[in-house]
1. Looking at the structure I just gave you, is Val102 open to solvent by 70 Å² or more (accessible area, probe 1.4 Å) and of a type in the set (Val, Ile, Thr)?
2. Applying the selection to segment 1-45, what residues are β-branched (Val, Ile, Thr) and within 30 Å of Ala144 (Cα to Cα)?
3. Where the second residue is open to solvent by 80 Å² or more (accessible area, probe 1.4 Å) and acidic (Asp, Glu) and the first is under 18 Å from Leu164 (Cβ atoms) and lies in segment 86-110, which pairs have Cβ atoms under 8 Å and are six or more apart or on separate chains?
4. Quick test for you: out of Ile45, Ile5, pick the one residue that is under 29 Å from Trp140 (Cα atoms) and touching a residue at least 12 places away in the same chain (Cβ under 8 Å).
5. Go through Gly88, Gly154 for me and flag whichever is open to solvent by less than 70 Å² (accessible area, probe 1.4 Å), under 21 Å from Thr51 (Cβ atoms), out of contact with any Asp or Glu (no Cβ under 8 Å at 6 or more places or on another chain) and modelled with pLDDT of 95 or more.
6. I need the full set of residues from segment 33-52 which are closer than 21 Å to Ser107 by Cβ and open to solvent by 20 Å² or more (accessible area, probe 1.4 Å), in order please.
7. I'd like to know if segment 127-148 contains one or more residues that are closer than 21 Å to Ala6 by Cβ, open to solvent by less than 60 Å² (accessible area, probe 1.4 Å) and touching a residue at least 40 places away in the same chain (Cβ under 8 Å).
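The values are calculated or read from the model by the stated rules, or taken from the named source; none is laboratory data. All figures in this text were calculated on a predicted structure; none of them were measured in a lab. All Cβ positions, even for glycine, are placed from backbone atoms using ideal geometry, and neighbour counts span all protein chains on display. SASA here: full protein model, heavy atoms, side chains in, ligands and nucleic acids out. Shrake-Rupley method; radii C 1.70, N 1.55, O 1.52, S 1.80 Å.
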Amino acid sequence: MGEVIAVYDGRGNETGSAERAEVYAEGLWHASAGVLVRSLDGRRIYVHRRTDTKMVFAGMHDCLAGGVLAPGEDPAAAAARELGEELGIVAAPADPRPLARVSWDGSWAGRPMRCHLFAYEIRSDGPITVQAEEIAAGWWWTDAQLWEHLSDPGWPFVPDTRVLIGDLLHPRNRA
């Protein structure tokens, strides 16, 4: 049996659970929580490239450390858990500051992909210890550097985070 994750309805209410592979294959609504890591001085954000072995968005870039919610899991708790797992930053669920929430009804690999996204922010200069199974490489960029790369529609950036980017980055720092 594969990993079981929470299943939601289109309004954002948890309705049950299913194996992750089934959720992705059938385009079921689910939820994820991600954390933007901003430097202590607020000038840089941590950007990374996902490994080529990820089930979705393999090899793409992202600025959120995050993942799907388990059945009954609170989004803030999931955000803190994923931050520790992926970047080695230990935080209590109350530490990451809520930034945004959005529902994304998109597609991946020719199939529907539907997710309620919960975004948070934490200030940290590290140290960062990446989980090698999930993150191939990571680095610090200014908001302007990330905006510059995002202006290229061909740059492989995860589409669900892309819908949140206006809530995550400082618009005044566009390149």
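1. Working: open to solvent by 70 Å² or more (accessible area, probe 1.4 Å): no; of a type in the set (Val, Ile, Thr): yes.
For Val102, the condition - open to solvent by 70 Å² or more (accessible area, probe 1.4 Å) and of a type in the set (Val, Ile, Thr) - is not met.
2. Our first condition is that a residue be β-branched (Val, Ile, Thr); within segment 1-45, this holds for 4-5, 7, 15, 23, 35, 37, 45.
If the condition is that a residue be β-branched (Val, Ile, Thr) and within 30 Å of Ala144 (Cα to Cα), then Val35, Val37, Ile45 are the ones that fit.
3. Filtered contacts from segment 86-110: Leu99/Asp167; Ala100/Asp167; Val102/Asp167.
4. Working: Ile5 fails: under 29 Å from Trp140 (Cα atoms).
Testing whether each residue is under 29 Å from Trp140 (Cα atoms) and touching a residue at least 12 places away in the same chain (Cβ under 8 Å) leaves just Ile45.
5. Being open to solvent by less than 70 Å² (accessible area, probe 1.4 Å), under 21 Å from Thr51 (Cβ atoms), out of contact with any Asp or Glu (no Cβ under 8 Å at 6 or more places or on another chain) and modelled with pLDDT of 95 or more holds for just one of Gly88, Gly154, which is Gly88.
6. Residues of segment 33-52 that are closer than 21 Å to Ser107 by Cβ, as a first pass: 34, 50, 52.
Arg50, Asp52, listed by residue number.
7. yes
Residue-by-condition table, conditions (1) at negative phi; (2) outside any loop (DSSP other than H, G, I, E, B):
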position	(1), (2)
Asp105	yes, yes
Ala119	yes, yes
Gly126	no, no
Thr129	yes, no
Ala137	yes, yes
Trp140	yes, yes
Ala144	yes, yes
Pro153	yes, no
